[in-house]
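Scroll down for the structure; my scribbles are underneath it.
The values are calculated or read from the model by the stated rules, or taken from the named source; none is laboratory data. Every value quoted in this text rests on a predicted model; they were computed, and no experiment measured them. No Cβ is skipped: glycine too gets one built from the backbone with ideal geometry, and neighbour counts run over all protein chains shown.
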Amino acid sequence: MKNRVQLIGNVGNDPEVRTLENGNKLAHITIATNESYKNEKGEKVEQTEWHRVTAWGKTAEIIEKYVVKGKEVAIEGKLSHRSYEDKNGEKKYITEVVVNEILFL
């Protein structure tokens, strides 16, 4: 099996893009996916999931140029898990999708 993620959703924020010392670009966005279902009372329930998305290089440049809050996109990438220590020395964990490909819908 492969580590592969495909999402279609709306961008929740304008991209945060940085240029690293080596000239490579790094972009972060969030994508909201919506799902609806009926609960045991027959009522329609809407559920929104937020996904942290990271892109590097050319893909980050494309995101910087064309992506804005609210735009509908389809992405393909892989799940990545990492941790870091914040300013207070507390360990924080992040799960994100590292993008290989983005399509504008």
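Mind checking which pairs have a first residue in the stretch 1-15 that is within 16 Å of Glu64 (Cα to Cα) and a second that is exposed (fewer than 10 other Cβ atoms within 10 Å of the Cβ) and modelled with pLDDT of 95 or more, Cβ under 9 Å, 6 or more apart or different chains?
Sorted first by the residue in the stretch 1-15, then by its partner, the list stays empty.
Write out, first by first residue and then by second, each pair whose Cβ atoms fall under 7 Å of each other, whose residues are 6+ apart or on separate chains, and whose first residue, in the stretch 36-51, is free of Cβ contacts under 8 Å to residues at least 60 places away in the same chain while the second is surrounded by 10 or more Cβ atoms within 10 Å (Cβ to Cβ) and part of a loop (DSSP other than H, G, I, E, B).
Trp50/Gly12
Exactly one condition in (1) in contact with an Asp or Glu (Cβ under 7 Å, 6 or more places away or on another chain); (2) touching a residue at least 24 places away in the same chain (Cβ under 8 Å); (3) in a strand (DSSP E or B) is false for Lys92; which is it?
(2)
Could you tell me whether the stretch 35-56 includes any residue that is in a strand (DSSP E or B), at pLDDT 95 or above and basic (Lys, Arg)?
Checking the stretch 35-56: at least one residue is in a strand (DSSP E or B), at pLDDT 95 or above and basic (Lys, Arg).
For residues that are more than 11 Å from the chain's Cα centre (by Cα), hydrophobic (A, V, I, L, M, F, W, C) and closer than 14 Å to Val98 by Cα, tally how many sit in the stretch 60-81.
2
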